[in-house]
Amino acid sequence: MKLNRRSFLKNSLIAGTGLTLVPEAWRKLHAEPAKGSAKPAHPVVISSANGKRTTARAMELLKQSADPLDAVIAGVNIVENDPEDITVGYGGLPNEAGVVQLDASVMHGPTHNAGAVACLEGIKNPSKVAQIVMERTDHVLLVGKGAQDFARMHGFKVEDLLTDKARKIWLRWKENLSKDDDWLSTEVKEYGEEIRIYRENHGTINCCALDANGDLAGVTTTSGLPYKIPGRVGDSPIIGAGLYVDNQVGAAGSTGRGEANLKNLSCFLVVEFMRQGKSPTDACLEVCQRIADHTKLSYLLKKEGLPNFNVKFYAVNKKGEYGGGAILNGGKMWVYDATGQHLVDFPGLFKV
Ligand code: ASP
């Protein structure tokens, strides 16, 4: 029989060390459901504050016994396709050069499989491409031109993702960058309020779900930091940074300053804190504290020594308990559970 690369590596490792691959005690511990994790009677879907339609769609599909990953992806596709959401997919704010570059990742609890795309141009639904990377390749992350070629191979159309609205916002930003250039600065009247709201609250959509069988999945999709340096990749497509799922424990996703999550592998850490028995809210706040402790660069600190940026987390555990946490001032998340759909407040580590 021909050995594929994975089984060859696995067999040669075992032969080389003479070790039992999985110690019995470890296997027993991990074969059991996470502590207190009875099967939930009802699915639970959580999402960032822009995920009202997302949670509704995902719940509708879960009630029809859809796979939890298919459900959350179908949910975020609504926002990716919406030109009015300037932080995700079609209509997202472009990079410094005026080009929309999208990042997304997906993770499927039952198979512990993941897929992602970064710096993807011209494709409205990066989350769907991430799912195909997961399902149709042995890789986890495709970027740039390779990701776009891959998407085209799978029938996706390349389109112009820059809407008039996003172009105008970007142009205002460019015109007002400096007084020492030849662009005449204009007052940011049109869309000014939206830019302010975006800067304070960030964008991106994350959605995680627990289905009625106790299986978890999650997706994070974004146009990333507006006006980023072309080629910049945020946390959203990096498994463990902007999304993480462990089917034994829970799922977590994030919005906000991606660089902080990249340096702290934050969503992995949220799930690890839940594994240690912390509630979803406490796990999220503990990671906010970790980020604050690790923030040393003076340009990222307020006078009082607090981070001058925000990051928000959304988490659900295997029991269907959910929660969120922010570094600054708290936030809101959409939750759809047995009691219906709710916009839920979550706490911040610091109030400013
Ligand atoms: N986390 C996203 C990124 O850094 C942006 C955001 O949520 O505002 O790309």
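Every read-out reported here was derived from the displayed coordinates using simple, explicitly stated rules and does not represent laboratory data. Since this is a predicted model, take the numbers as computed values, not measurements. Positions of Cβ are backbone-derived with ideal geometry, glycine not excepted, and every protein chain shown enters the neighbour counts.
Would you please put 83-92, 335-344 in order of how densely packed they are, using the mean number of other Cβ atoms within 10 angstrom per residue and starting with the highest?
83-92, 335-344
Give the total of Lys-Lys pairs in the range 40-165 with Cα-Cα distances below 22 Å; include a pair only if its members are 8 or more places apart or on different chains.
11
What's the whole-number percent of alpha carbon pairs in the range 99-138 lying beyond 11 angstrom?
Looking at the range 99-138, the distances longer than 11 Å represent 58 percent of pairs.
How many Lys pairs in the range 201-352 lie less than 23 angstrom apart by Cα atoms, where the lysines are 8 or more positions apart or on different chains?
Summing the qualifying lysine pairs gives 25.
Could you work out Rg/(2.2 N^0.38 Å) for the range 269-350, with Rg from alpha carbons only?
1.17
Let me know the whole percent of all Cα-Cα pairs from the range 213-352 that are separated by more than 25 Å.
23 percent
Would you work out the charge dipole size for the range 78-132 about its Cα centre, treating the Cβ of every Lys and Arg as +1 and the Cβ of every Asp and Glu as -1, and quote it to the nearest 20 debye?
Dipole of the range 78-132, to the nearest 20 debye: 260 debye.
Sequence gap at least 6, Cα distance under 8 Å: using those rules, report the relative contact order of the range 91-180 to the nearest whole percent.
Relative contact order here is 31 percent.
For the range 88-155 and the range 220-255, what is the separation of their Cα centres, given in Å?
Here the answer is 12 Å between Cα centres.
Can you tell me which of 131-139, 317-325 comes out highest on packing, and rank the rest after it, using the mean Cβ neighbours within 10 Å?
Answer by packing, highest mean first, reads 317-325, 131-139.
Across the range 116-122, in residue order, what do the Karplus-derived ³J(HN,Hα) couplings come to in whole Hz, using 6.51 cos²θ - 1.76 cosθ + 1.60 with θ = phi - 60° and x for Gly and Pro?
Karplus values, whole Hz, x for Gly and Pro: 7, 9, 9, 6, 8, 9, x.
Looking at THR255, TYR299, SER266, which one has the Cα that reaches farthest to the positive end of the dipole of the range 213-352 (charges on Cβ: Lys, Arg +1; Asp, Glu -1)?
TYR299
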